1. Round to a whole number: what % of the accessible area of the range 33-154 belongs to carbon and sulfur, probe 1.4 Å?
2. With only alpha-carbon pairs counted, each pair once and no self-pairs, how large is the Kirkwood hydrodynamic radius of the range 94-153 in angstroms?
3. Taking θ as phi - 60°, what are the ³J(HN,Hα) couplings along the range 38-55 by the Karplus curve (6.51, -1.76, 1.60), each to the nearest whole Hz, with x for Gly and Pro?
4. So what's the range 71-127 giving for Cα Rg divided by 2.2 N^0.38 Å, two decimals?
5. May I ask you to compute the full-extension gain from Thr126 to Arg67, defined as 0.36 nm times their residue separation minus their alpha-carbon distance, rounded to one decimal in nm?
6. Which whole-Hz couplings ³J(HN,Hα) result when phi for each residue of the range 57-74 is put into the Karplus expression 6.51 cos²θ - 1.76 cosθ + 1.60, θ = phi - 60°, listed in order with x for Gly and Pro?
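The values are calculated or read from the model by the stated rules, or taken from the named source; none is laboratory data. Keep in mind that this is a model prediction, so the values were computed, not measured. Each accessible area value is taken on the protein alone, full model and side chains, heavy atoms only, with ligands, DNA and RNA left out. Shrake-Rupley method; radii C 1.70, N 1.55, O 1.52, S 1.80 Å.
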Amino acid sequence: MLIACISERAKRLDVPADLPVLRNRETLEQVLTTFGTKFVREVSDPAVIAVFRLAIAEAVQAPEVARALNSIGREASRAAMRKIMAEAQASRLLMGRPAELAEQFGGLLWRDLLVSLLLGVAERPTAREIAGRARDATAAFLQLHPLPNDAPAC
C-alpha cells in the first residue's frame, strides 16, 4: 500500500507529454519553476514524508522498502528532471550533463528542507512558499548557467 502511494505520486512528477518546446530561456524558466513547484509540493506532503521516515527506520530490517522507495519515487523524479535538462541542452539553452544539471537544480530547490521535514524540525511550506522556493531556485540555476554563446537568443 505504501509503495502504491509513492508510485502514484511519482507518476504526478512525470514530464507531461505536452511539455512546451524549450526554444528560449523564458520557456525553460517557466518549465523549471512549474516542475520545481510540483516536485516540492508532492514530496513535502505529510504522507510522503511519513513513508520516507518509515523506509529510513526500517532500512536494515526491510531493505526492499528503501530500495522500492528509491527506484519508484526518487528515481522517477530524477528522471523527469534529467529529461527537462536534456531537452534544454538539446535546444542549446544549457551546457553540461543533464544528470549533473538536474542534481544542481534539485539542490537549489530543496536546500535543507527535506532533511528538516524528515527530522520534524520544519513545517511543510505553504503553497506560496513552495512557489517562491521554485522561482528562487530557477533564478539561481539560470544565473549559474548563462546562455551559451552560440545559442539562439529567443
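1. Numbers: 3830 of 6720 Å².
Reported share for carbon and sulfur atoms: 57 percent.
2. 13.1 Å
3. Here the 3J(HN,Hα) series is 5, 4, 5, 4, 5, 6, 7, 4, x, 5, 5, 4, 4, 5, 4, 4, 5, 4 Hz.
4. Values: Rg = 13.7 Å, N = 57, 2.2 N^0.38 = 10.2 Å.
Output field value: 1.34.
5. Details: separation 59, 0.36 × 59 = 21.24 nm, distance 2.98 nm.
Result for the pair: 18.3 nm of gain on full extension.
6. 5, 9, 4, 6, 7, 9, x, 5, 5, 5, 5, 5, 4, 5, 6, 7, x, 5
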